[in-house]
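See structure below.
The values are calculated or read from the model by the stated rules, or taken from the named source; none is laboratory data. Please read these numbers as outputs of a predicted model, since none were measured by experiment. Cβ placement follows ideal geometry from the backbone for every residue including glycine, while neighbour counts extend to all protein chains displayed.
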Amino acid sequence: MASPIELPWIEKYRPERLSDVIGQKEITSRLSNYVKNNTMPNLLFAGGAGIGKTSCAVALAKEFFGDSFSQNFLELNASNDRGIDVVRDTIKNFARTLAFNQGFKIIFLDESDALTFDAQQALRRTMERYSRTCRFILSANYSSKIIEPIQSRCVIFRFGQLSAKDIEERVGDVAKKEKVGIDESALKAIVYVCQGDMRKAINVLQASASVGEKITDKVIYEVSARARPEEIKEMMRLALSGKFLEARALLDKLIYEYGMSGEDVIVQMHRELVEMDENEVPGRTKIELIDKIGEYNFRMAEGANERVQLEALLAQFLKYKK
Ligand SMILES: Nc1ncnc2c1ncn2[C@@H]1O[C@H](COP(=O)(O)OP(=O)(O)O)[C@@H](O)[C@H]1O
Ligand SMILES: [Mg+2]
């Protein structure tokens, strides 16, 4: 069982070396080549959350620097220290002294797409000025939010989401090391809720382990405030067959018992509707309902009452009663 002083498992099981990174094989092999040749360009790591961008940057620097890692590696999070001052001061201070025992230092700027346009301009000038002594690794969810002059100074690596198999294996591994019992259905549930994000997968596992019993899929859905896919489908089926009150009762359960937000519900409805079989929801109906889900999602994002919108959306389903 997890005790409060323990390291979060995501940190405890962060890959130390490039070869420990799961998936992303092409990327890690290219990065290893930089180490082998003792040279690297500026890099831009692009991709979603929890798939190994930070881990790769840290592991790469450790392999370059070994014992002098801490003198030669600077990590900044652009979304914490947002703005132009950080780029001007912290980076400059670090960048202007010579690398310790090495040809260059590495500056890792996490979530750099959160930097303002001005800060990115300043960063670009800094990258130019210190190009002899420093290499930059930028990470971003969207490379398109990085200004063109920076993009063109970097080699871009696109990180993909992790596969179901990779997630299952790693989570299974961590569970074994932490001696928590987890069944097959729970592993599948973790894969479903984390959607390729390994950080989320391991966090859900740790949160579920602290519940104290053997982990089942039920625990996973509770901990992550998700409905079983089957329940969401059932709610839509009821609405499609004209049973509005029953569909609404199920909606109550999702909101009041599971603590799901309106956004959670609508996102999951979208995901499950897309998956539903042609003989349950004919293609044409599906397309029109996806369009409706988009419309109601937008209304909620604009601030309309979630409960009212979700019921109104279920009412839309009734119009397609067979
Ligand atoms: N490819 C991966 N291989 C192994 N563990 C991973 C991987 N991606 C993420 N993790 C786990 O999730 C945590 C967060 O990953 P991180 O590299 O910070 O993700 P990102 O920077 O892409 O958001 C890591 O500490 C590790 O436990
Ligand atoms: Mg990161």
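For the range 121-148, enumerate the residues that are in contact (Cβ under 8 Å) with a residue 60 or more places away in the chain and within 16 Å of ligand 2 (Cβ to nearest atom).
Phe136, Ile137, Leu138, Ser139, Ala140, Asn141, Tyr142, Ser143, Ile146
I need a count of the residues in the range 297-322 that are among the small types (Gly, Ala, Ser) and either assigned to a helix (DSSP H, G or I) or under 21 Å from Asn279 (Cα atoms) (or both).
Total satisfying the criteria: 3.
Would you confirm whether or not the range 2-12 contains a residue that is over 26 Å from Ala207 (Cα atoms) and within 13 Å of ligand 1 (Cβ to nearest atom)?
There is no residue in the range 2-12 that is over 26 Å from Ala207 (Cα atoms) and within 13 Å of ligand 1 (Cβ to nearest atom).
How about the range 31-60: which of its residues are within 15 Å of ligand 1 (Cβ to nearest atom) and not aliphatic (A, V, I, L, M)?
Listed by number, the residues that qualify are Ser32, Phe45, Gly47, Gly48, Gly50, Gly52, Lys53, Thr54, Ser55, Cys56.
Can you tell me which residues in the range 207-217 are in contact (Cβ under 8 Å) with a residue 40 or more places away in the chain, buried (at least 19 other Cβ atoms within 10 Å of the Cβ) and farther than 14 Å from Glu168 by Cβ?
The answer is Ala209, and nothing else.
Looking at the range 21-64 only, could you name the residues that are over 22 Å from Arg153 (Cβ atoms) and under 18 Å from the mean Cα position of the chain (by Cα)?
The answer is Val21, Ile22, Gly23, Gln24, Gly48, Ala49, Gly50, Ile51, Gly52, Ser55.
Here is a list: Ile51, Ile107. Which entry is among the β-branched types (Val, Ile, Thr), modelled with pLDDT of 85 or more and part of a strand (DSSP E or B)?
Ile107
Is it true that some residue in the range 116-135 is away from ligand 1 (no atom under 16 Å from the Cβ) and either under 18 Å from Lys53 (Cα atoms) or not assigned by TED's automatic domain parsing to the domain that holds Val58 (or both)?
Yes; the residues of the range 116-135 include at least one that is away from ligand 1 (no atom under 16 Å from the Cβ) and either under 18 Å from Lys53 (Cα atoms) or not assigned by TED's automatic domain parsing to the domain that holds Val58 (or both).
Considering only residues of the range 296-322 that are at pLDDT 95 or above and among the aromatic types (Phe, Trp, Tyr), which is surrounded by the fewest Cβ atoms within 10 Å (Cβ to Cβ)?
The selected residue is Phe298.
Within the range 73-83, count every residue that is within 11 Å of ligand 2 (Cβ to nearest atom) and exposed (fewer than 15 other Cβ atoms within 10 Å of the Cβ).
Matching residues across the range 73-83 total 2.
Look at the range 249-266 and say how many of its residues are part of a helix (DSSP H, G or I) and touching a residue at least 24 places away in the same chain (Cβ under 8 Å).
Summing the residues that are part of a helix (DSSP H, G or I) and touching a residue at least 24 places away in the same chain (Cβ under 8 Å) in the range 249-266 gives 8.
Looking at (1) within 19 Å of the chain's Cα centre (by Cα); (2) at positive phi, which one does Asn101 not meet, given that it meets all the others?
(1)
Within the range 28-45, track down each residue that is over 15 Å from Leu18 (Cβ atoms) and within 16 Å of ligand 2 (Cβ to nearest atom).
Listed by number, the list holds a single entry, Leu44.
Return a yes/no flag: does the range 151-163 have any residue that is farther than 13 Å from Ile51 by Cα and aromatic (Phe, Trp, Tyr).
No: the range 151-163 contains no residue that is farther than 13 Å from Ile51 by Cα and aromatic (Phe, Trp, Tyr).
Which condition number in (1) farther than 30 Å from Met127 by Cβ; (2) exposed (fewer than 14 other Cβ atoms within 10 Å of the Cβ) is the one that Ser144 fails?
(1)
For the range 46-72, enumerate the residues that are within 15 Å of ligand 2 (Cβ to nearest atom) and over 18 Å from Asp166 (Cβ atoms).
Ala46, Ala57, Val58, Leu60, Ala61
Mind listing whichever residues of the range 147-195 are assigned to a loop (DSSP other than H, G, I, E, B), touching an Asp or Glu at 6+ places or on another chain (Cβ under 9 Å) and surrounded by 14 or more Cβ atoms within 10 Å (Cβ to Cβ)?
Arg153, Gln161, Leu162
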